[in-house]
1. Can you give me the long-range amide H partners of residue 91? Hydrogens built in the peptide plane at 1.01 Å from N, cutoff under 5 Å, separation of 5 or more residues or another chain.
2. Can you give me the solvent accessible area of residue 355 with a 1.4 Å probe, rounded to the nearest 10 Å²?
3. Of the chain, which part is the longest with no GluC sites (Glu not before Pro) in a loop (DSSP not H, G, I, E, B) and with at most 13 other C-beta atoms within 10 angstrom?
4. Taking the Cα centre of the stretch 82-198 as origin and charging only Cβ (+1 Lys, Arg; -1 Asp, Glu), how large is the dipole, in debye to the nearest 20?
5. How large, in percent, is the carbon and sulfur part of the accessible surface of the chain at a probe radius of 1.4 Å?
6. Could you name the lysines in cross-link range of residue 385, using Cα to Cα under 22 Å and dropping any fewer than eight places away on the same chain?
7. Take the alpha-carbon centre of the stretch 209-237, take the same for the stretch 95-155, and report the distance between them in whole Å.
8. In degrees, nearest 10, range 0 to 90: what is the angle between the Cα axis of helix 2-24 and the longest Cα principal axis of the chain?
Amino acid sequence: MHTRKFERWITGLMMGILCMTAQAELLTLPLSNMETGIKVYYASPLGAGSQSGVDEANALPLSMIQSFVRDLDHSARIVMLAGVYPLTGSLDLVADNPNQILVLDGRDSAILQGSFDPLSFSDTSAGLRLRSGNIIVRGLHFQRTGFCIKADKLSTIDQVLLENITAEDVHSCILVDRDVAHPVTRWIIRNAHIKGYYRTAIRLAGAQSNNFLIDGAQIDGAGGLEKSECYKSGIQLLAGVSDIHIRNISVKNNIGSCGESYQQGDGIEADHKDGTPRNIQLDNVHVENSGDADLDLKADSVIMRKVVSLGGPRTLYAFKLWRYHQYQCEQCYAYGANAAFIQLVQASLSLKATMLSSDKPIHICDLRHGSTPAQQSRVHFEDSKVYLGNEAWIDDCGEGVLAAVGRIPVGRIAPPRPPEL
């Protein structure tokens, strides 16, 4: 009976994966097709000439961009010329007509600069706030701003493309926060380079928030800030957000400033407080040097493919998974954790063609169970290999695991290079 139940669980997991893959492919963004032929305007930090924006010699000043955008009755592309644009508050962007788009395009070294201070926690309000959809922001660089780009909490925001955004030493960068009250849908975040942040690089949240693609991001929590939030994460998925595809990214150096007696910081975090994140797909993802876990997930229906967890001096777990039974990892690789490769808290994980390897003895699994059969944690290995820090520790993963994995004897190997992604 136990075997049949387990087989039914695997079948259900695979069906969920097939459904989720189909959903992930539905995300389309026709915004780029609407760019052709739109009217172009120019802006500079202080403006020039007549300040009409019609050409570079008559550029809009930063102080007029928000009112200029608000009064537009047609699609427009605003080219922000090279220079430093000092921000002291939020700059609102809106494209009110459904057939109208707004493009904000940074040229060369167009820098939006704030004065965020993590010690006094001052100046957190500066950044770009989106108050509608049909918006493209590309090529801008953010320094010491309270945020880079965030969704307005009282607006419906469908279709956004954020491309070639760079940031350093910000409080947080790209935000769809817990308090959004309307649908936030169909966002693509492509080729973002975010280095140094107090709280998070990318946060996506909200029960009506769905269909997000994060592609080609390089996220590095280390930077010039003197301290970080204790619960620091590279990517956060919160409060019921759904249908997220994260691919071709690296996330590293997420260690919270919690004091020596408490350790926190995750590379990629999903939390089910205020609603369960669901339908999450990770492809070609590198995570390393987190304060707690490289991946710390409380989410339903999670597919991971070619996910590499390299750990670090303080990283406790590669995969820390909670409360749900549809986690799968295929062609994954874990090395460098210090407590266990896998911690499951009333959760189930299926591993296929995966390697867990270490140059020191660590536990393979840390399974935490609840009081009912439905709350039992389970791990299933298929065509996988595990380094045995200690022969007895394979039993940590449950009965039958010893025969299910290819064992790499104690002391036989140095950690191999992770798979090329």
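The values are calculated or read from the model by the stated rules, or taken from the named source; none is laboratory data. Note that the structure is predicted; figures quoted are calculated from it, not measured. Glycine also receives a Cβ, built like all others from the backbone with ideal geometry; neighbour counts cover every protein chain displayed. Accessible surface is based on the protein model in full, side chains and every heavy atom, while ligands, DNA and RNA are left aside. Shrake-Rupley method; radii C 1.70, N 1.55, O 1.52, S 1.80 Å.
1. For residue 91, the qualifying residues are 127, 128, 129.
2. Approximately 50 Å² for this residue.
3. Numbers: sites that count: 25, 226, 260, 399, 420.
Formally, the longest exposed-site-free interval is 26-225.
4. Values: 11 positive and 13 negative charges, 40 e Å.
For the stretch 82-198, the charge dipole is close to 200 debye.
5. Working: 8310 of 17100 Å².
Of the solvent-accessible surface of the chain, carbon and sulfur hold 49 percent.
6. 306, 320, 352, 360
7. Their Cα centres are 16 Å away from one another.
8. Orientation of helix 2-24: about 20 degrees from the principal axis.
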